[in-house]
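Here is the structure we will look at, set down as structure tokens.
The values are calculated or read from the model by the stated rules, or taken from the named source; none is laboratory data. The model shown is predicted, which means the values in this text are computed figures rather than measured ones. Methodologically, a virtual Cβ is constructed for each residue, glycine included, from the backbone with ideal geometry; neighbour enumeration extends over all protein chains shown.
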Amino acid sequence: MHDFPEPNTTPSSSGMTRWLAIGGGIFVLLCIIFVVLTVIYPGFREVVRDLSIILLALFQLIGAIAMALVAVAILYAVKAIDTTARVSLIPKLEEISTKVDDILAKTSSVTDDVKKTTASVSTAAEIISQEVVKPAIQISSLFSGVKAAATVLGQRMADSVIGKNTHKSEDDDHA
């Protein structure tokens, strides 16, 4: 697809080993030089001590300046975030809050309407129960009672007719 060589993504252990060997060799060489100079020149130790103190103080000064710059950068970032929040985020939150308040007001009015409708339906159901269903049940009960009474009377009359017919047939059998 393209003529560029693919980058080598695997770490080269031979290159790393070479740099570690070079660093180790330089450290050993400096240690040998330090021991030789200490034996040859008796005041060399004090000079190295003073130089070490100066270098450490210099590195500490550089570190303190770097920390101050990092603190200023963090302060700037916080200020930028605060400004962005005040300019864009807070107005949007206020807009959302207003919309939510409007929705809650509409929901409240719908809830009130539902409560009124529920009360009306409950009242209507109670009125229908008292004025329509109760009399219908009473009339149905009355008709059931009349039917039961008619059935009982009809059975008695049938029994009495059958009883008279059986007495006649017994009288006919005896004669």
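For (1) more than 29 Å from the chain's Cα centre (by Cα); (2) assigned to a helix (DSSP H, G or I); (3) at pLDDT 85 or above, each residue gets a yes or a no:
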residue: L89; (1), (2), (3): no, yes, no
residue: E94; (1), (2), (3): no, yes, yes
residue: T98; (1), (2), (3): no, yes, yes
residue: D102; (1), (2), (3): no, yes, yes
residue: V110; (1), (2), (3): no, yes, no
residue: K116; (1), (2), (3): yes, yes, yes
residue: V132; (1), (2), (3): yes, yes, no
residue: P135; (1), (2), (3): yes, yes, no
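Taking first residues from segment 41-67 that are among the aromatic types (F, W, Y) and partners that are assigned to a helix (DSSP H, G or I), the Cβ contacts under 8 Å between residues at least 6 apart in sequence or on separate chains come to F44/L37; F44/T38.
Remark: G25 matches the filter, which requires a residue to be surrounded by 10 or more Cβ atoms within 10 Å (Cβ to Cβ), small (G, A, S) and either in a helix (DSSP H, G or I) or more than 60 Å from the chain's Cα centre (by Cα) (or both).
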